[in-house]
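A.B. asks: Here it is: the structure, laid out below.
Derivation of every value follows stated rules applied to the coordinates shown; laboratory data play no part. Predicted, not measured: the structure shown is a model, and the values here were computed from it. All Cβ positions, glycine included, derive from the backbone under ideal geometry; neighbour counts span all protein chains shown.
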Amino acid sequence: MPVIHIDGRAFAVEAGGNLLETCLSLGMDLPYFCWHPAMGSIGACRQCAVVQFRDENDEHGRMVMSCMTPVTDGARFSLSGERAARFRKTVVEGLMLNHPHDCPVCAEGGECHLQDMTVMTGHRDRVYRGLKNTHRNQYLGPLVHHEMNRCITCYRCTRFYVDYAGGTDLAAQASHDHVYFGRQTDGVLQSEFAGNLVEVCPTGVFTDRTLVYDYTRKWDLQSAPSVCAGCAVGCNTIPGERYGRLKRVHNRFNAAVNGYFLCDRGRYGAGFVNSERRLLYPGLRNAEGRYDALDHRAALQHLQRACSGARLAGIGSPRASVEANFLLRELVGADHFAPGFSTRQQALVELALRLRRDSRAALPDIRGIESADAVLVLGEDVTNTAPRIALALRQSVRNEAFALAAELQLQPWQDEAVRTLAQDRRSPLYIAAVGDTPLDDVAAARVSLAPDDIARLGLAVAASVAGAPAAHEGERTPALAAQIAAALTAAQRPLVVSGTGSGSGAVMEAAAQVSEALCAAGKAAMLCLALPEANAMGQALLCGPGALDLAGLTARAASGDIDTLIVLENDLYRRGPRAEIEGLLAACRHVIVLDGMDNATTSAATLALPAASHIESEGTLVSLEGRAQRHYPVFQPPAERYPGWMWLLACMKELERTEVRELQHFDDIIRACAARIPALAGITAAAPDHHYRNAGVRVPRQPHRYSGRTAMHADLSVHEPQQPVDEESPLAFSMEGLNRDQPGALLPFVWTPGWNSNQGVFKFETAVGGPLRGGTAGARLFEPGAGVTATAAFAPFAAQPGTWQLVPRQRIFGSDELSALSPGICELVQPGYLELCAADAASLGVGSGDGVTVGDDLATLEVRVNDTLVPGCAGYAEGHAGTANLAPLARVSLRRAPQWQRHSAQLIGSDGGGGHV
Amino acid sequence: MFSALRSQLRTLWTILQHTFSRAETVPYPEQQPYLAPRYRGRIVLTNDPDGQERCVACNLCAVACPVDCIALQQGVKQDGRWYPEFFRINFSRCILCGMCEEACPTNAIQLTPDFEMCEYERSSMVYEKEHLQIDGTGKYHDYSFYRVAGLAIAGKDKGEAQNEAPPVDVKSLLP
Amino acid sequence: MSELGTVTFGLLLIAAAVGGAAVLTWFERRLLGIWQDRYGPDRLGPLGIGQVVADMLKLLTKDDWVPPFSDRFVFVFAPTAIVVAMLLGFAVVPFAPQLYVLDINIGLLFFLGMTSLAVYSVLLGGLASNNKYALLGGLRSAAQMVSYEVFMGLSLMGVVMLTGSFSLRAIVEAQRDLWYCVPQVLGLFTFLIAGIAESHRLPFDLPEAEHELTAGFHTEYGGMKFAMFMLGEYLGLILISCMITTLFFGGWLGPWLPPLLWFCLKTFALICFFVLLRGAIPRPRYDQLMTLGWKYMLPLTLLNLVLTGALALLLEGQRHV
């Protein structure tokens, strides 16, 4: 380890880093703007200047930018030297020349890196008398707010948006002190990761638009460690609440899951918890079909009456916590519990779990994915089903650049040099999908194939890797399989990505075969299988293979075997054809629905119980990586809304069930679940139990400057209520406690002295970019297995005139149920549509914007002509309105809808706050 | 020792001399004391010289308040101004320290020389925005935040605030 | 004086002392008001004298609460002790040549004994309260009393030496030519300070020390029991003033006016002086209090004793020659 001397003190530091990140890792305060732990250094802002000395006799030294200075053994630096300190102050003064003096009306104020750095350097007064440059703002969509005057031209936004996330519609414009960051014209930012600009921008140029119009300062937000429920990746989040409303979601650093970034579904997709459509009180349907509001006692009595002595059945939910599902399964009995997937998806998820457990290939976390030097994506549109993994895949293609840089002894953090050196040279990324995907721009090749052909291509690649001449070399892609196999074999850490998104089990099996073949060839291969929902993996682990599915349950209900059906946080109308679900619900005498949202299923319930969302309750979600992660309530749900597990536990206690007699706390349920379900034995390790204390005190949910405690509720009563006591977690609904060095699963917010912005997260990390000091959140539930068995060949896809194979096409906004209801995102959700290639559209006599009826009136959707789609396949927008009756891979007929009215031109979201753009 | 003694005796003498000085206090309430305009009494919210609400709901008063007796929620008006949707001061907790006034970047919140605000009900001490907002500029007559700050609002476009150049034309190639 | 007369005078004296102490509460506040350039209680009755009645009514009607965690008997006993001790102290004070309750040849020692008893009241009150502030106050009080008691007695020995008697009447009579405040100026000074400390009034109110100990030894006291402590304090103030008058300012001696009036006037002036001290001088730190007591006052007293002894011997010698 090199030893460097900083202000006369010697430190042994990691080799290969730059001085800035080394200083920060040592816990020192050194101001910076353009450097970012995930994006490296470009030395643009000149803010991190320090003095470097030649040797111990050199008293003068020279100024260097610490972010551009590698640490070398024996190097001597001064951070506190007067010259460098004055220089840093002058730099901030220069940056502030054009700053618009609007901190009070800036949504960044109070967590602004520019504010922090200005205070840190000591700059105070603007001496310059000249005029300030001003800029006009742009409308950048409903998610990101633009206020260009605040810009300090650090280039972080374009470096993230373009270089890191692959966006194309944000760029630096004009020159010298007129530099402008924006789009060519007003319009919605197209990247799925645009929301990260809010956190990446060191000042208030890009702010959270949903927050700007319902604003609360960071110090007033009550927050708790949470996990995104938008997809199965399980990104760690910090939702913030004030006055009983969720205000915003920020990234919670987790080195293994999401690093510094979230996708926009994760950042903006939790806003549904503020929805007016959420249930507050239990509702009992009366004779007229209306709902009478009950209190929880009466509701529990009804629940108990409906359950006692009845033949029960339960439908769980892949978006509800492991614990709630476990309790429901215990309540109704394992044989009467359906995990809540659609029938087809259940089979896919079970298959994914089996493959993932059996496969010898490593289970990659986000670092593993970023380290892959060759990637094959089979059938999955990762950007729209597991967006954070797509962002990691974008980084993985840079491994070629890093390898080239290493030859020239450049470090990966020398961002500009590495990018200039590499230009367009990327590690191979191959994509086989039914149509285009947003990752195509960094792919070595993308091929459009029908799901069956994707599977065949996969098998061909596997065979080619194994060295055997492919028996069934894909006839549509003769050379490609060999090319992919060569690229994967040449790599050190090849990665195969697939998932349930294609709707085809064969594709996943083929992916497993490829990774298996790579393992057999001695490669450290990795296999990543994307899953549909936040707790899909947990649900598959809980229920095991061959669990009751929705079709089986419907059959049982039809034969009159079910008196009472309990549905947990699941809108069944999204899980199967309408007629089938209606039949199921009608066949049960009591339908009890626990859900937070007023949806079609709750409207069909005889008793609806309001269930708290993942933001308002504790629970464990198992990510696609098999990582159990705990989320904690950010605030207590209002009125009679309680967590699902609480309703179910209370019900079982009412029924005097012996298995819950000993269960008092949420932790007891976790332990009972771990004891009963061997596959979930590891979930107790996901987070500390409620007895944990950090140096004797709880971890606070509120920052120490949380304001308004004696006035917030004063309109109701001047007698301040006691702070709610959280008996289920080591977190406190108060500002008292210690937010330092606790396990990573318990990080409620990021704040350290002098660092009010989220940039201060480095003080919580063992080293910059490294895992959190208290350990990475979550616990892996399983590790790779012994190997998957070989798969038989699949028949090739044959297009049949007159019928089309339905293939699911996902969208980051709209395919997920709850995020699509959130403010901001709901403006970006499009109505359901059907994609056809031009030839197919022509054969039907339709064009983009026309309507087409699917099958026997299953759906009528707008046509979009997309020539990347495979002929003979019709891609439907999964999860979107009007597509519930469509099943993946079904063969359907299509016909032009005669009565179709074209949608008028898409309205750009109204500017909620008026004309100050 | 002797100097200490002398000091004590001098103190005694000085105090004794006060036998003949006038009382500084006044027999309130018969006689009302003079209160300077900057006296720290009841808190008000003021308007800017244009007659618009000065408060921009920046929350600085709330965070400066040592007894946490200020709570508010920001909103955005149609013309682009930030304003408090509600603004509540619990005067039964307020210690009239004036920190909120010092923290206020827009001179909106001001303390006034009115301290006679006793109530029999504590709940009557909770003042909402309609009780706090006055129709005037208070002690500071000229300051208008939006004339200084760069945020554009209806009637004041980009580049029209104090010390601002007209907006840059990013498509221009001129130096 | 007859037996009956003595008893009657004794009762009158008790009434006068207690009444005086009550009025003193108001008088002190008015006086402090004047010196601090404000008004003080001036609302009830002429000059606000009604405040005395109001305060009394208030104290009488307050909840007579004994903390459940206290030592009940001692808690109740403590405030009575100080009042009784102080009232007994008045017995030996000669108000006029024939106006006294008790003339004993050890009158001075009796007075010293009674004032010393008062410390028990404070100490016990502090201990019985079972409260950390009260305990600290009680402890401070004990240490303060021990320290100042030492030279309180010694400071009077000069007077005794000059007079040759412990009888207070004899002491007064011995001052016909010259009040002892002149030859015994050091004694007067040290006794004055010891007296304030004994009655733990400002600036020597460390046992109470509102700023540090809430209310010190009587933190837990309220209502009438608190009033007893206050009564004790004011009785102590009057008693000390009476004693200083007697010992150093010639008691009832004075031209033209009746002796009792002289005595009262002198006492009143001294009370005013004590109030002035309270209004002017801040409370010392605890270590300063101890330093003052042991390092300055005690040596000073001893010096006074030596000088007085020398003087007495000198005078004695001259008389014999």
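A.B. asks: At A:HIS665 and C:LEU313, where each label point lies 7 Å from the Cα along Cα→Cβ, what is the point-to-point distance in nanometres?
C.D. replies: It works out to 8.3 nm between the two label points.
A.B. asks: So, counting K/R as plus one and D/E as minus one, what does the shell of residues with Cβ under 12 Å around A:PHE635 add up to?
C.D. replies: Residues near A:PHE635 contribute +2 overall.
A.B. asks: Identify all lysines with a Cα-Cα distance to B:LYS129 below 21 Å; exclude those on the same chain that are fewer than 8 residues away in sequence.
C.D. replies: Candidates past the 8-residue exclusion: B:LYS77, B:LYS139.
A.B. asks: Could I ask something else about it? Rounded to the nearest 20 debye, what is the charge dipole size of chain B about its Cα centre when +1 sits on each Lys and Arg Cβ and -1 on each Asp and Glu Cβ?
C.D. replies: Here the size comes out at about 720 debye.
A.B. asks: About the Cα centre of region C:3-313, how large is the charge dipole given +1 on each Lys and Arg Cβ and -1 on each Asp and Glu Cβ? Please answer in debye to the nearest 20.
C.D. replies: With only Lys, Arg, Asp and Glu charged at Cβ, the dipole is about 320 debye.
A.B. asks: Give the shape of the protein assembly as shown as rounded, prolate or oblate, defined through the alpha-carbon gyration tensor: a ≥ b ≥ c are the square roots of its eigenvalues, a/c under 1.5 means rounded, and otherwise the shape is prolate if a/b is larger than b/c and oblate if not.
C.D. replies: Because a/c hits 1.5 or more and a/b exceeds b/c, the protein assembly as shown counts as prolate.
A.B. asks: For a label point 7 angstrom out from the Cα of A:LEU404 toward its Cβ, which stretches of region A:436-454 have the backbone nitrogen within less than 18 Å?
C.D. replies: Once the point is set 7 Å along Cα→Cβ of A:LEU404, A:441-445 turn out to lie under 18 Å by backbone N, inside region A:436-454.
A.B. asks: So, one more: If I fit a long axis through the Cα atoms of helix B:2-17 and take the longest principal axis of the Cα atoms of chain B, what angle between them do I get, 0 to 90°, rounded to 10?
C.D. replies: On a 0 to 90 degree scale, this one is about 80.
A.B. asks: Can you pull the percent of Cα pairs in region C:3-313 with separation above 37 Å?
C.D. replies: 14
A.B. asks: If you place +1 on the Cβ of every Lys and Arg, -1 on the Cβ of every Asp and Glu, and leave all else neutral, what size is the dipole of region C:36-163 about its Cα centre, to the nearest 20 Debye?
C.D. replies: Here the size comes out at about 260 debye.
A.B. asks: If you don't mind, another one. Rounded to the nearest 0.05, what FRET efficiency do A:ALA445 and A:ASP741 give with R0 = 56 Å and r taken as the Cβ-Cβ distance? Could you check?
C.D. replies: 0.75
A.B. asks: Next question, about the same structure. Straight distance only, please: which lysines reach the Cα of C:LYS58 with their own Cα at less than 28 Å, same-chain residues fewer than 8 apart left out?
C.D. replies: C:LYS132, C:LYS225
A.B. asks: If you fit an axis through the alpha-carbon atoms of helix C:132-163 and take the longest principal axis of the Cα set of chain C, what angle between them do you get, 0 to 90°, nearest 10?
C.D. replies: For helix C:132-163, the angle is close to 20 degrees.
A.B. asks: Take every Cα pair under 8 Å in region C:33-121 that's 6+ residues apart, average their separations, divide by the length, and report that relative contact order as a whole percent.
C.D. replies: Here the relative contact order equals 22 percent.
A.B. asks: Take the Cβ-Cβ distance between B:MET117 and C:ARG43 as r, set R0 to 22 Å, and report the resulting FRET efficiency rounded to the nearest 0.05.
C.D. replies: Between B:MET117 and C:ARG43 the formula returns 0.45.
A.B. asks: Need the C-alpha centroid separation for region C:255-287 versus region C:176-232, integer Å.
C.D. replies: 12
A.B. asks: Let me ask another. Taking 7 Å along the Cα-to-C-beta vector as the label spot, tell me the B:SER172-A:GLU720 distance in nanometres, rounded to one decimal.
C.D. replies: 5.5
A.B. asks: If you don't mind, another one. At a Cα cut-off below 29 Å, give the lysines reachable from A:LYS763, other chains included and same-chain residues fewer than 8 away excluded.
C.D. replies: Output for A:LYS763: A:LYS89, A:LYS218, A:LYS247.
A.B. asks: Only bridges whose two residues both fall in region A:777-917 count here: according to DSSP, what percent of them are antiparallel, nearest 5?
C.D. replies: 55
A.B. asks: Note down the net charge around C:SER121, summing +1 for each Lys or Arg and -1 for each Asp or Glu among other residues with Cβ under 13 Å from its Cβ.
C.D. replies: -1
A.B. asks: If the viscosity is 0.890 mPa s and the temperature 25 °C, what translational diffusion coefficient in µm²/s does Stokes-Einstein give for region C:100-218 when Rh comes from Kirkwood over Cα pairs?
C.D. replies: 159
A.B. asks: Would you work out which of A:ALA799, A:SER502, A:ALA579 lies farthest towards the positive end of the dipole of chain A, given +1 charges on the beta-carbon of Lys and Arg and -1 on that of Asp and Glu, about the Cα centre?
C.D. replies: Of A:ALA799, A:SER502, A:ALA579, it is A:SER502.
A.B. asks: Further, regarding this structure: For region C:19-125, compute Rh as the Kirkwood radius over C-alpha pairs and then the Stokes-Einstein diffusion coefficient at 4 °C and 1.567 mPa s; write the answer in µm²/s, rounded to an integer.
C.D. replies: 77
A.B. asks: I've got another one for you. As I understand it, the dipole of chain A uses +1 on the Cβ of Lys and Arg and -1 on the Cβ of Asp and Glu, about the Cα centre. Which of A:ILE825, A:ALA347, A:SER757 lies farthest toward its positive end?
C.D. replies: Towards the positive end, the residue furthest out is A:SER757.
A.B. asks: Per-residue ellipticity at 222 nm for chain A, helices alone: DSSP H runs ≥ 4 residues times -39500 (n - 2.57), over residue total, nearest 500 deg cm²/dmol?
C.D. replies: -7000 deg cm²/dmol, from helical runs alone.
A.B. asks: If packing is taken as the average count of other Cβ atoms within 10 Å, what order do A:893-903, A:639-649 fall into, highest mean first?
C.D. replies: A:639-649, A:893-903
A.B. asks: Additional query: Can you work out D for region C:213-265 in µm² s⁻¹ from Stokes-Einstein, where Rh is the Kirkwood radius over C-alpha pairs, the temperature is 37 °C and the viscosity is 0.692 mPa s?
C.D. replies: Reported coefficient: 249 µm²/s.
A.B. asks: Label points 7 Å out from Cα along the Cβ direction at B:HIS141 and A:THR860: separation in nm?
C.D. replies: Going by the 7 Å Cα→Cβ label model, 7.0 nm.
A.B. asks: Normalized C-alpha radius of gyration of region A:1-144, against 2.2 N^0.38 Å?
C.D. replies: Expressed relative to 2.2 N^0.38 Å, the Cα Rg reads 1.20.
A.B. asks: Could I ask something else about it? Once the Cα atoms of helix C:107-128 and of chain C are each reduced to a long axis, what angle between those two axes, in degrees from 0 to 90 to the nearest 10, is obtained?
C.D. replies: 20
A.B. asks: Arrange A:VAL332, A:VAL725, C:VAL23 by Cβ neighbour counts within 10 Å, fewest through most, would you?
C.D. replies: A:VAL725, C:VAL23, A:VAL332
A.B. asks: Lys and Arg at +1, Asp and Glu at -1: add these up for the other residues within a Cβ distance under 13 Å of B:ARG81 and post the number.
C.D. replies: -2
A.B. asks: What is the pair-distance distribution P(r) of region A:833-876, computed from all Cα-Cα distances in 10 Å bins starting at 0, with each bin given as a whole percent?
C.D. replies: 35, 60, 6
A.B. asks: Pull out a ≥ b ≥ c, the square roots of the eigenvalues of the alpha-carbon gyration tensor of region B:27-175, then state rounded if a/c is under 1.5, prolate if not and a/b is larger than b/c, and oblate in the remaining case.
C.D. replies: prolate
A.B. asks: Sort region A:376-457 into rounded, prolate or oblate with this rule: let a ≥ b ≥ c be the square roots of the eigenvalues of the Cα gyration tensor; rounded if a/c is under 1.5, and if a/c is not under 1.5, prolate when a/b is larger than b/c, oblate otherwise.
C.D. replies: Prolate is the answer for region A:376-457, as a/c is 1.5 or above and a/b outweighs b/c.
A.B. asks: Still on this structure: If you count, for every residue in C:22-34, the Cβ atoms of partner chains within 10 Å of its Cβ, what is the mean?
C.D. replies: 1
A.B. asks: Inverting the mean 1/r over all pairs of different Cα atoms, compute the Kirkwood radius of region A:717-857 and quote it in Å.
C.D. replies: For region A:717-857, the Kirkwood estimate is 22.5 Å.
A.B. asks: Something else: Mind sorting A:HIS665, A:HIS880, A:HIS135, A:HIS704 by how few other Cβ atoms lie within 10 Å of their own Cβ, fewest first?
C.D. replies: Lowest to highest Cβ neighbour count: A:HIS704, A:HIS665, A:HIS880, A:HIS135.
A.B. asks: Would you mind giving the mean number of other chain beta-carbons within 10 Å of the Cβ of each residue in B:61-71, as a whole number?
C.D. replies: 6
A.B. asks: Antiparallel as a % of all DSSP beta bridges within the protein assembly as shown, to the nearest 5?
C.D. replies: 60
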